[in-house]
1. For segment A:194-214, name all the residues that are buried (at least 22 other Cβ atoms within 10 Å of the Cβ) and in a helix (DSSP H, G or I).
2. Select from segment A:1-23 the residues that are surrounded by 20 or more Cβ atoms within 10 Å (Cβ to Cβ) and more than 19 Å from residue A:146 (Cα to Cα) and list them in ascending order.
3. Could you look through segment B:124-133, keep only residues that are buried (at least 24 other Cβ atoms within 10 Å of the Cβ) and more than 7 Å from chain A (Cβ to nearest Cβ), and pick out the one that is farthest from residue B:84 (Cα to Cα)?
4. Would segment B:179-188 turn up any residue that is surrounded by fewer than 24 Cβ atoms within 10 Å (Cβ to Cβ), in contact (Cβ under 8 Å) with a residue 60 or more places away in the chain, at positive phi and more than 12 Å from chain A (Cβ to nearest Cβ)?
5. Hey, could you check segment B:292-330 for residues that are within 13 Å of chain A (Cβ to nearest Cβ) and in contact with a helix residue (DSSP H, G or I) (Cβ under 7 Å, 6 or more places away or on another chain) and say which is nearest to residue A:106 (Cα to Cα)?
6. Just to verify a result, which residue in segment A:115-137, among those that are in a loop (DSSP other than H, G, I, E, B) and on the phi > 0 side of the Ramachandran plot, is surrounded by the most Cβ atoms within 10 Å (Cβ to Cβ)?
7. Limited to segment A:24-47, what total is found for residues that are within 14 Å of chain B (Cβ to nearest Cβ) and without any contact (Cβ under 8 Å) to a residue 60 or more places away in the chain?
């Protein structure tokens, strides 16, 4: 086992997959000479050269489409968006080209592409730079949506994503890049579509992903002193959801809280709640609650931003509600 | 002194090719006429955009390509598909939504695909496929091949951001792309001069450090010559070209738009019909002794039979199986039932 930052784990995944398969290339703003806006691609230009690590003009729609075109004829592009906020400009290529090319062509033309970059809020970046759009992409048939929370999962899932033949939305986090964790040595792949129980307990299931995993683990720690133990289920993939893992945990604990960073209305957590109530309703001893970011554009002010975000305290509050302890 | 006759080219390979181009243009014309009929009979649903009047552009451009070159185009794609060699049967069956269609009934008129022939769609978002063509050009250069990525779009697409971004990257990276603007003067119902600040579209190539030409799209020989120059330029070492090919559609934007609609006068349409690309090419071939009236009639009769056969084939072909609703959402190598939640 090695201890790596989430950033370095991603860097290793990129390096290993580019060395393994000459069809894999990285394209995006500042990925080459600048070493990556968040340094995820540090050293790759020097190792693989400018044909395979390609700096683009500031043209998200254009270079996302370039990636899709290259994938259509069999290359395996990794398209980096500096943040997923800017990828809104590329939505036509992700949704109207990548997601539906295989279907529209009657199975003839696939798009083995990975769109990756940081998603969600950091610290005081303001309304246009703090958004979580996984629900929008998870809504689209033809896409897969992957959101690792830990360095080990980041490396294993990025490697799997690059080898996957479908278009993948891969969402990281600026606040995750410095997180350290243990990463297995050697070839480490994590399957897409499989959740991971990060902590086991009996009284409640905390369903989470990306930045809320650490917050749920903190909440679970705090709840132990009240004699409450929690399953912390890290979804890791939003589309497709690992329904088996969700239902198994809820079948054990009979109570669930779904925790996500983004806005509440039609968030990805809403889909999880629907799946649970539709399929394992009789397992439930309480309604399924959600903890989400506040339903507002992200304010700049430090205290307002804090109030807008999910916290371990809010998660503990929701757990107590489903246990009828309030 | 007797008037000199033009040189006769009846028995050369060139004559064969010239007749083949006529056959292709006539096939497109008769096919599109039949598709229009089929649409009115309810055999074809949704949108149907016909290529009538623009045949020389598709045939002329594609005549200069190799089998391993790549093509992306718009929703007005029947002509390019037929010129690329997709059978009339496969195209008609796709328009009818049948399992035997070139996209297996899942794409429809706007999404004709034939991957082995390098026909990579058939795209419905104006301008949206142009970055794809740049990406294909990127892949060609990445692999150090000498193929060409050809992209057809209408003149209305050049005002779209995707056009600008795609051509800029093709220009800065020197990609083997040929961007073909089929300027038929109308973006749906909006005339060029109402939507576009500069009407000489080819001039935009200067923004992208790219070669350019303006071409009379009703003259097949001019189209072929310009395309030949662009293809030579695109193969090693690669350089992109913007071709502005001026043409005219003799019918409405789609089946729901009458021949001249509110935005073109009957007189204008009729004036343009006088420059029918098929008539222009036929007259030339007749003058050079490559074809005579009887051979032309024979060709047209055979084509009409081919189109009728395609119509019947499409009509009698099976619908896709019910399970096809859920196939090809994801790659078959991946986990099963990806698009289907068990409880939905």
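1. Initial filter on segment A:194-214 (buried (at least 22 other Cβ atoms within 10 Å of the Cβ)): A:204-213.
Within segment A:194-214, A:211, A:212, A:213 qualify.
2. Let us first name the residues in segment A:1-23 that are surrounded by 20 or more Cβ atoms within 10 Å (Cβ to Cβ), namely A:4, A:6-11, A:13-14, A:17-18.
A:4, A:18 - these are the residues of segment A:1-23 that are surrounded by 20 or more Cβ atoms within 10 Å (Cβ to Cβ) and more than 19 Å from residue A:146 (Cα to Cα).
3. Per the stated criteria, the residue is B:127.
4. The answer is yes, given that some residue of segment B:179-188 is surrounded by fewer than 24 Cβ atoms within 10 Å (Cβ to Cβ), in contact (Cβ under 8 Å) with a residue 60 or more places away in the chain, at positive phi and more than 12 Å from chain A (Cβ to nearest Cβ).
5. B:328
6. Quick first cut of segment A:115-137, residues in a loop (DSSP other than H, G, I, E, B) only: A:119-126, A:130-133.
Add one more test, that the residue is on the phi > 0 side of the Ramachandran plot, and what stays is A:120, A:124, A:126.
Numbers: A:120: 28, A:124: 15, A:126: 12.
Checked segment A:115-137; the qualifying residue surrounded by the most Cβ atoms within 10 Å (Cβ to Cβ) is A:120.
7. Going residue by residue through segment A:24-47, those that are within 14 Å of chain B (Cβ to nearest Cβ) are A:24-29, A:32.
Then keep just the ones that are without any contact (Cβ under 8 Å) to a residue 60 or more places away in the chain; that gives A:25-27, A:29, A:32.
Counting residues in segment A:24-47 that are within 14 Å of chain B (Cβ to nearest Cβ) and without any contact (Cβ under 8 Å) to a residue 60 or more places away in the chain gives 5.
A quick yes/no check of all residues on (1) closer than 26 Å to residue B:68 by Cα; (2) out of contact with any strand residue (DSSP E or B) (no Cβ under 9 Å at 6 or more places or on another chain):
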| site | (1), (2) |
| --- | --- |
| B:152 | yes, no |
| B:170 | yes, no |
| B:193 | no, yes |
| B:204 | no, no |
| B:220 | yes, yes |
| B:233 | yes, no |
| B:250 | no, yes |
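The values are calculated or read from the model by the stated rules, or taken from the named source; none is laboratory data. Please read these numbers as outputs of a predicted model, since none were measured by experiment. Ideal geometry is used to build each Cβ from the backbone, glycine not excepted, and the neighbour counts take in all protein chains shown.
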